Amino acid sequence: MFRARSRITADTSLTFAVSGDSVTARPESWRDQIGDRRLRLVGGFAEDDATSERAFGQVRRSLADVLVVMLGMNDVRQGVPFEEMTANIEKIVRFAECQTALLCLVPPSNHSDGAVNQRANGVVANRHLFDLGARRGWVVADPFAFARASNNSWGGGSSDDGTHPLPHVSTEAAVRMRLFIRQAAATTGLNQ
C-alpha cells in the first residue's frame with residue numbers, strides 16, 4: 001500500500017535528529033553547517049569513535065521527522081560484522097521513533113593497509129546499508145559522493161587524515177544533506 005505524506009517543499013519546516021560518529025560530531029561538520037532555518041536539529045547522539053553499538057546504547061526517543069544515521073566508519077575500522085552493524089542501526093531507528101530514517105553511506109577512506117582494509121570494507125558496508133534501506137523503505141544517501149574517488153578513497157584535497165572530510169568538504173556535504181533530509185521526509189509512509 002502506498003501512502004504519500006503531505007508535499008515537502010524547500011519551505012517546509014522539518015525536524016531531524018542524528019545518530020553518528022566523528023564525521024557528524026566534529027566542529028565544522030555537515031551538521032553544524034546545515035544552514036537552513038527550516039531544518040531544525042532536535043537531538044540525537046554523535047561522538048568521535050562511535051560504533052553502531054555505542055550509538056545504540058545512547059539512543060533516546062526523538063520523534064523527529066527524520067533520523068539521520070551516519071555510522072559505520074568505526075564498525076569497519078574495528079572489524080565489526082556487517083550484519084551486527086545493520087542490526088544495531090535497525091534498533092537505533094526503532095528506538096528513536098522518528099518518522100523515517102536517512103541512512104548515509106560510510107565515508108571514503110584512504111586506509112587500505114593494516115589489519116583491516118577500511119577502504120575495501122567500506123564498500124562492503126555500504127552494500128549492506130543499501131540492502132537495509134531497500135528492506136525498510138529508507139532513503140540511502142551518499143553525502144560525500146562528490147569527494148569519493150573510484151577506489152573509495154577521498155579525492156585529492158578532501159581529507160588531511162584519510163578518514164575525516166576537510167571543512168570545505170563538509171560544507172558541500174551539508175548542502176546535499178539539506179536535500180537528502182527533505183527527500184527522506186517526503187517518502188515517509190511509502191511502502192509501509
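The values are calculated or read from the model by the stated rules, or taken from the named source; none is laboratory data. Since we're looking at a predicted model, the values are computed, not measured. Using ideal geometry, Cβ is built from the backbone for each residue, glycine included, and neighbour counts are taken over all protein chains shown.
Things worth noting here:
- Residue in the stretch 66-89 that is more than 15 Å from the chain's Cα centre (by Cα) and within 26 Å of L179 (Cα to Cα) present: no
- Taking the conditions (1) within 30 Å of I8 (Cβ to Cβ); (2) more than 13 Å from the chain's Cα centre (by Cα); (3) touching a residue at least 12 places away in the same chain (Cβ under 8 Å) in turn, S109 satisfies each one other than (1).
- Among the residues of the stretch 74-98, just one is closer than 14 Å to G122 by Cα, surrounded by fewer than 15 Cβ atoms within 10 Å (Cβ to Cβ) and acidic (D, E), namely E83.
- Cβ-Cβ under 6 Å pairs, at least 6 apart or on other chains, the stretch 137-148 side over 17 Å from Q183 (Cα atoms) and touching a residue at least 40 places away in the same chain (Cβ under 8 Å), far side part of a helix (DSSP H, G or I) and not aromatic (F, W, Y): none
- Scanning the stretch 53-72 for residues that are over 17 Å from R26 (Cβ atoms), among the small types (G, A, S) and either touching a strand residue (DSSP E or B) at 6+ places or on another chain (Cβ under 8 Å) or part of a loop (DSSP other than H, G, I, E, B) (or both) returns S62, A64.
- Within the stretch 24-47, tally of residues that are part of a helix (DSSP H, G or I) and touching a strand residue (DSSP E or B) at 6+ places or on another chain (Cβ under 9 Å): 3
- Qualifying residue in the stretch 116-125 (condition: among the basic types (K, R), farther than 19 Å from V23 by Cα and not in a loop (DSSP other than H, G, I, E, B)): no
- When each of R61, R5 is tested for being loosely packed, with under 14 Cβ neighbours inside 10 Å, in contact with a helix residue (DSSP H, G or I) (Cβ under 7 Å, 6 or more places away or on another chain) and modelled with pLDDT under 95, the lone residue that passes is R61.
- Qualifying residues in the stretch 144-158 (those that are small (G, A, S) and modelled with pLDDT of 95 or more) - the one farthest from E172 (Cα to Cα): S150
- A50 meets each of the listed conditions (1) assigned to a strand (DSSP E or B); (2) surrounded by 22 or more Cβ atoms within 10 Å (Cβ to Cβ) apart from (1).
- Every pair of residues 6+ apart whose Cβ atoms lie under 7 Å, when the first sits in the stretch 76-99 and is outside any helix (DSSP H, G or I) while the second is surrounded by fewer than 19 Cβ atoms within 10 Å (Cβ to Cβ): G79/V116; E97/R61; E97/L63; C98/L63
- Flag if D21 is in contact with a strand residue (DSSP E or B) (Cβ under 6 Å, 6 or more places away or on another chain) and buried (at least 22 other Cβ atoms within 10 Å of the Cβ): no
- Residue ID - surrounded by the fewest Cβ atoms within 10 Å (Cβ to Cβ), chosen from residues in the stretch 119-167 that are within 20 Å of R31 (Cα to Cα) and hydroxyl-bearing (S, T, Y): T163
- Failed criterion for P107 (all others in (1) surrounded by fewer than 24 Cβ atoms within 10 Å (Cβ to Cβ); (2) at pLDDT 95 or above; (3) not small (G, A, S); (4) not in a helix (DSSP H, G or I) hold): (1)
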